[in-house]
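S.K.: I am attaching a structure below and will ask some questions about it afterwards.
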Amino acid sequence: MASAGQIIALRRPAAEMDQVLRPEQSDVVRLASVKPKPQPSAPPSLLVEDLSLSFGSIPAVDKVSLAIPAGDIVALVGHSGSGKSTLLRLIAGLERPDSGRVVINGTEVSGPNAFVPPERRGIGMMFQDYALFPHLSVLKNVLFGLRRVPAGEARERARQALDRVGLGGREDAFPHALSGGEQQRVALARAMVPGPDLLLMDEPFSNLDRRTRDIIRDETTAVLRESGTTTVVVTHDPDDAMRIADRIVMMQGGRFAQSGTAEELYQHPASLPVARFFCELNEIETACRNRMIATPFGDIPAPGTAEGTPVTVCVRPGDIQLFEPSVGDRTGRIISSQCLGETVLIHLAIDGLDRPLRVVAPADGAPATGRTVGFEVETGKLLVFPAG
Amino acid sequence: MSAIAATLRHPVAALKCGGACVWIVAAAATALLVIAPIVALGVIAAQGSGDAWSHLVAHVLPTATLNTVLLLAGVGVVVVFVGTGAAWLVTAYDFPGRRILDWALLLPLAVPTYIVAYAYLDLLHPIGPIQSAIRDILGLTSPGQLRLPDIRSVGGAIILLGFVLYPYVYLSTRALFLMQAAGLVDAARTLGASRRGIFFRIAVPLARPAIAIGASLALMETLNDVGASEFLGVRTLTLSIYSTWINQSNLPGAAQLALVMLAVVVLLVLIERWARRRQRFAGRSQRTAPPARQRLHGAPALAALGLGLLPIMIGFGAPAIHLVIQAMRRIEFAGLSDSILTEALNTVGVSLAATIIAVGLGLVVAYAARIDHGRIGGGLLRIASLGYALPGTVIAIGLLSPLAGLDNMVDGVSRDLFGISTGLLLSGSAAALIYAYVVRFLAVSGGGAEAGLSKVSQTLDHSARTLGETATGTLRRVHLPLIRPALGAAAILVFVDCMKELPATLLLRPLNFETLATHLYGEAARGTYEDGAVAALAIVLVGLLPVILLARLSGPVIPRQGRLNS
């Protein structure tokens, strides 16, 4: 990791240095909220300390620490098997950790001193398949968690919750008669109505088609913001994470690869996997020669990097500027061009690279296939990592 | 503050251990109940004298083992042949009457082995209806002029048991043909394979695990049988255990034989595993389109119908008709005797008690396995299900002495404390019998509960728990309503199995306590045929219940549980 830090530091102004994840900081990643908090000194809603769980010899979650202030929405992202769902289940109490602690609103719920079963943690949870009880009507599903509330008040609250998610009037329907989006809304109402201190969501949008998904995601975010519920969302979709979360934590191999705002993770990824996760990249394998890294876009100075260190230089398809007529020696030939609507995806063949570069350009005035064009990338937009 | 609170909560947390502990402990206790008779067997057998053992080895064991092996091998061949053939007949071909054959082929399941033997002894008696009819046709006058092979032989037992037990193979194989073969059969046909080629090259290899499962169940039943072998004069291991205890009061000897029997069971299980090797009985959850059946017309259709009706007639039709006629004659002549009503009540009483307990404990072990994510709980479920492989005689012999010991202990304590003798509280009452039924049929209820629970997504559990419900409350509010049909079906199966059970009932019933099955056995053993037919008919009629259930569950219509996973 140290070498990654060095290399990233190459292209960063000093002020950005403290964004880089350092080992001493990664013990507890403090996730300060973007929005102003009523009580800045309040204890975090959720505190996770050195949490570990192995399945057999495979560590699923490996010494992970996290603190989330009240009202924040945090997204846990990563590929399948990265441990994000396991971490969520550990927080919920559906799994017991091998070591470490989980503290919800100041009460230790998992740890050496206690294990509080999920039903007494004051949490709400939503599942990928929504997990609606098939034998209960919509209203009874929402009432399920309100057993300790007087019946009349419970019904009132359940109806309000259903109204809030736009399902007023569907109280007596059964889950199998609802569309995917409606089922998701019932699940949200059901999880929210007991007023949980912490809401956990496991891939809450992945079973929806793209259009419904956008609508539901915005609605869900609105409901969460309005109620100020502290939320942890697990998702494998970077769009979900960037759209709904205050902070994003990327997991890899049971550990935190990086955490920060959407912009930080997108613009300044700490490692190649993080960069790859948030954007499709053009990757170019090269090495450090004479304290310089040579790329088709120009040479980058690399003063602290040892001679011969293999590196991967990445550039986002949208960061490559094309212009014609071509001037200078940075030119390439357009071998294909696909319309994506407002933009076009261009495959650009350039000398010295085996594979063509992928370039996303505005559809308006995009050069045609077969043309030779000039290209350019701001050096600040190049991402350099140890070879992955 | 919170640290103090946490410390104070600590012992509570340790005790409750997440709510799963109670279930694991209960499941462990249940598994212990099942293992107890097996452990006891070993202990009793060890107490036996060498003399008795050498006597058994010299005079009992060789014949008994030989007969048992012959019987198992023969029944195995018959059930595989008839069961697979019948399953292929109704899944690969279409002909008038196929839809009826589809479920009617299950009917012999309603006839316990001892009843089929009882009925055929009568039917095939030299002066019985069949031989008389044959003589009439041939114009013979004396039974001595025509000698049919005697049904009272190993061969006779193989045929009779085979034709009532083949439905186990039919059921599992037919399900597999319906679920999986469709697409493959179509593919094979486009590759130019003939129907017969498909049967031997695709269907049978594909169905091998299903055939193995069905055949092993049929052979477990064969091992369990004590009535048919006795009526037909075949000295099997089971019968030897029974008579070693009943006639010679030699409990250690019976236990030693029971251990030999256990070895046979283990061997059987190993053979089944081997036959299923490298394949899983993996039914796809969603049913594919039904296979395109070949339509038969004219003579081939008639032949197919006749072929399908044959096992039904042998295993169900002939004995059932015979029993109906005999029972009607008896009732016309003497009405229903009081004793048979009492016996029916006894039968229903003990069966019902055993069913309630078995379903309750089955649910406990299955739910424990679920909430423990199959770590310890899964093992306990397997142990609790061992009873199905244990013949009733083996369980009974294993239970006799621990129960007597327990009785003596309770009696002693009671006398010391209260001066009252409790007598034989367990072994002298139906409690022992109910215990044996529960041990033997816990696999049925546990399996039913497990199957039902497996259709309920784990996320429903997690939802309920995160909505503030305990593990126990989740079972009550979420699982029970969802698995009620599965539990109901399991309850019916257990109830009917209990009603039919003969060997353990014979050994463990209290004095002068008769069930329908023991009554029938008594009359058949004595050679008297008074109310026997009525009792037999009653058992067969009740035995039809699970057949109806299975026919509905395995029919072309998707079973009701399918709706649960919306």
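S.K.: Of the conditions (1) within 30 Å of A:ARG247 (Cα to Cα); (2) touching a residue at least 60 places away in the same chain (Cβ under 8 Å), A:THR309 satisfies every one except a single condition; which number is it?
M.R.: The number of the failed condition is (1).
S.K.: Can you confirm whether A:ALA306 is outside the structural domain of A:SER271 (by TED's automatic domain parsing) and surrounded by fewer than 17 Cβ atoms within 10 Å (Cβ to Cβ)?
M.R.: Working: outside the structural domain of A:SER271 (by TED's automatic domain parsing): yes; surrounded by fewer than 17 Cβ atoms within 10 Å (Cβ to Cβ): yes.
Judged against the criteria, A:ALA306 is a match.
S.K.: How many residues does the stretch A:111-127 contain that are hydrophobic (A, V, I, L, M, F, W, C), more than 20 Å from A:MET201 (Cβ to Cβ) and in a loop (DSSP other than H, G, I, E, B)?
M.R.: Our first condition is that a residue be hydrophobic (A, V, I, L, M, F, W, C); within the stretch A:111-127, this holds for A:114-116, A:123, A:125-127.
Then keep just the ones that are more than 20 Å from A:MET201 (Cβ to Cβ); that gives A:114-116.
In the following step, the residues that additionally are in a loop (DSSP other than H, G, I, E, B) were identified as A:114, A:116.
Residues in the stretch A:111-127 being hydrophobic (A, V, I, L, M, F, W, C), more than 20 Å from A:MET201 (Cβ to Cβ) and in a loop (DSSP other than H, G, I, E, B): 2 in total.
S.K.: Just a yes or no: is a residue in the stretch B:187-195 touching a residue at least 60 places away in the same chain (Cβ under 8 Å) and either out of contact with any Asp or Glu (no Cβ under 8 Å at 6 or more places or on another chain) or surrounded by fewer than 23 Cβ atoms within 10 Å (Cβ to Cβ) (or both)?
M.R.: As a first pass, look at the stretch B:187-195 and keep what is touching a residue at least 60 places away in the same chain (Cβ under 8 Å): B:195.
Cutting the leftovers down to either out of contact with any Asp or Glu (no Cβ under 8 Å at 6 or more places or on another chain) or surrounded by fewer than 23 Cβ atoms within 10 Å (Cβ to Cβ) (or both) gives us B:195.
For the stretch B:187-195, residues touching a residue at least 60 places away in the same chain (Cβ under 8 Å) and either out of contact with any Asp or Glu (no Cβ under 8 Å at 6 or more places or on another chain) or surrounded by fewer than 23 Cβ atoms within 10 Å (Cβ to Cβ) (or both): present.
S.K.: Run A:GLN183 past the list (1) surrounded by fewer than 17 Cβ atoms within 10 Å (Cβ to Cβ); (2) facing chain B (nearest Cβ under 10 Å); (3) farther than 17 Å from B:GLU469 by Cβ and report the number of the one that doesn't hold.
M.R.: Only one criterion in (1) surrounded by fewer than 17 Cβ atoms within 10 Å (Cβ to Cβ); (2) facing chain B (nearest Cβ under 10 Å); (3) farther than 17 Å from B:GLU469 by Cβ is unmet by A:GLN183, namely (1).
S.K.: Can you tell me which residue is surrounded by the fewest Cβ atoms within 10 Å (Cβ to Cβ) among those in the stretch B:433-452 that are more than 14 Å from chain A (Cβ to nearest Cβ) and of a type outside the set (A, V, I, L, M, F, W, C)? If you could, list the steps in order and put the result at the bottom.
M.R.: The initial filter retains those residues of the stretch B:433-452 that are more than 14 Å from chain A (Cβ to nearest Cβ), namely B:433-451.
Filter once more, so that each one left must be of a type outside the set (A, V, I, L, M, F, W, C): B:435, B:437, B:440, B:445-448, B:450.
Details: B:TYR435: 24, B:TYR437: 30, B:ARG440: 30, B:SER445: 30, B:GLY446: 30, B:GLY447: 18, B:GLY448: 26, B:GLU450: 23.
In this case the residue turns out to be B:GLY447.
S.K.: Exactly one condition in (1) of a type outside the set (Ser, Thr, Tyr); (2) closer than 19 Å to A:PHE375 by Cβ; (3) in contact with a Gly (Cβ under 8 Å, 6 or more places away or on another chain) is not met by A:ARG289; state its number.
M.R.: Of (1) of a type outside the set (Ser, Thr, Tyr); (2) closer than 19 Å to A:PHE375 by Cβ; (3) in contact with a Gly (Cβ under 8 Å, 6 or more places away or on another chain), only one is false for A:ARG289: (2).
S.K.: Now for a separate question. Kindly establish whether B:VAL348 is in a helix (DSSP H, G or I) and crowded, with 24+ Cβ neighbours inside 10 Å. Please lay out each step first, then the result.
M.R.: Working: in a helix (DSSP H, G or I): yes; crowded, with 24+ Cβ neighbours inside 10 Å: no.
No.
S.K.: Okay, next question. Does A:LEU199 count as under 25 Å from A:ASP239 (Cβ atoms) and either surrounded by fewer than 22 Cβ atoms within 10 Å (Cβ to Cβ) or within 14 Å of chain B (Cβ to nearest Cβ) (or both)? Spell out how you get there, then give the answer.
M.R.: Numbers: under 25 Å from A:ASP239 (Cβ atoms): yes; either surrounded by fewer than 22 Cβ atoms within 10 Å (Cβ to Cβ) or within 14 Å of chain B (Cβ to nearest Cβ) (or both): yes.
Taking the combined requirement at face value, the residue satisfies it.
S.K.: Take B:LYS455 and decide whether it is closer than 28 Å to B:LEU544 by Cα, in contact (Cβ under 8 Å) with a residue 60 or more places away in the chain and within 11 Å of another protein chain (Cβ to nearest Cβ). Break it down into steps so the answer makes sense when it comes.
M.R.: On the way: closer than 28 Å to B:LEU544 by Cα: yes; in contact (Cβ under 8 Å) with a residue 60 or more places away in the chain: yes; within 11 Å of another protein chain (Cβ to nearest Cβ): yes.
Yes, satisfied.
S.K.: If you take the residues of the stretch A:111-142 that are surrounded by fewer than 22 Cβ atoms within 10 Å (Cβ to Cβ) and under 20 Å from A:ARG164 (Cβ atoms), which of them is nearest to the other protein chains (Cβ to nearest Cβ)?
M.R.: Within the stretch A:111-142, the match that is nearest to the other protein chains (Cβ to nearest Cβ) is A:LEU136.
S.K.: What residue, of A:SER54, A:SER65, A:SER85, is within 12 Å of chain B (Cβ to nearest Cβ), among the polar types (S, T, N, Q) and outside any loop (DSSP other than H, G, I, E, B)?
M.R.: Working: A:SER54 fails: within 12 Å of chain B (Cβ to nearest Cβ); A:SER65 fails: within 12 Å of chain B (Cβ to nearest Cβ).
The unique qualifying residue is A:SER85.
S.K.: Can you go through B:LEU511, B:LEU482 and tell me which one is more than 10 Å from chain A (Cβ to nearest Cβ), touching a residue at least 40 places away in the same chain (Cβ under 8 Å) and out of contact with any Asp or Glu (no Cβ under 7 Å at 6 or more places or on another chain)? Write out each step before concluding.
M.R.: Working: B:LEU482 fails: more than 10 Å from chain A (Cβ to nearest Cβ).
Checking each option against the conditions leaves just B:LEU511.
S.K.: Do we find a residue being crowded, with 21+ Cβ neighbours inside 10 Å, over 18 Å from A:ILE73 (Cα atoms), facing chain B (nearest Cβ under 9 Å) and without any contact (Cβ under 8 Å) to a residue 40 or more places away in the chain anywhere in the stretch A:159-173? Even if it seems obvious, please write down each step before you answer.
M.R.: First, the residues of the stretch A:159-173 that are crowded, with 21+ Cβ neighbours inside 10 Å: A:161-162, A:165, A:167.
Okay, now just the ones that are also over 18 Å from A:ILE73 (Cα atoms), so A:161-162, A:165, A:167.
Now narrow it down to the ones that are facing chain B (nearest Cβ under 9 Å): none.
No, the stretch A:159-173 has no match at all.
S.K.: Shifting gears a bit: Quick one: in the stretch B:235-268, which of the residues that are among the hydrophobic types (A, V, I, L, M, F, W, C) and surrounded by fewer than 13 Cβ atoms within 10 Å (Cβ to Cβ) is modelled with the lowest pLDDT?
M.R.: Of all residues in the stretch B:235-268, those among the hydrophobic types (A, V, I, L, M, F, W, C) come to B:237, B:239, B:241, B:245-246, B:251, B:254-255, B:257-268.
Subsequent filtering for residues that are surrounded by fewer than 13 Cβ atoms within 10 Å (Cβ to Cβ) retains B:246, B:263, B:266-267.
Numbers: B:ILE246: 84, B:ALA263: 90, B:VAL266: 90, B:LEU267: 90.
The selected residue is B:ILE246.
S.K.: Taking the stretch A:88-110, which residues are surrounded by fewer than 20 Cβ atoms within 10 Å (Cβ to Cβ), at the interface with another protein chain (Cβ under 8 Å from one of its Cβ atoms) and in a loop (DSSP other than H, G, I, E, B)?
M.R.: A:ARG96, A:GLY106
S.K.: Considering A:VAL186, A:VAL249, A:VAL233, A:VAL223, which residue is among the β-branched types (Val, Ile, Thr), touching a strand residue (DSSP E or B) at 6+ places or on another chain (Cβ under 7 Å) and either under 25 Å from A:LEU146 (Cβ atoms) or assigned to a helix (DSSP H, G or I) (or both)?
M.R.: Among A:VAL186, A:VAL249, A:VAL233, A:VAL223, only A:VAL233 is among the β-branched types (Val, Ile, Thr), touching a strand residue (DSSP E or B) at 6+ places or on another chain (Cβ under 7 Å) and either under 25 Å from A:LEU146 (Cβ atoms) or assigned to a helix (DSSP H, G or I) (or both).
The values are calculated or read from the model by the stated rules, or taken from the named source; none is laboratory data. From a predicted model like this one, the values you see are computed outputs, not experimental measurements. Quick reminder, even Gly has a Cβ in these numbers, built from the backbone with ideal geometry, and neighbours come from all protein chains shown.
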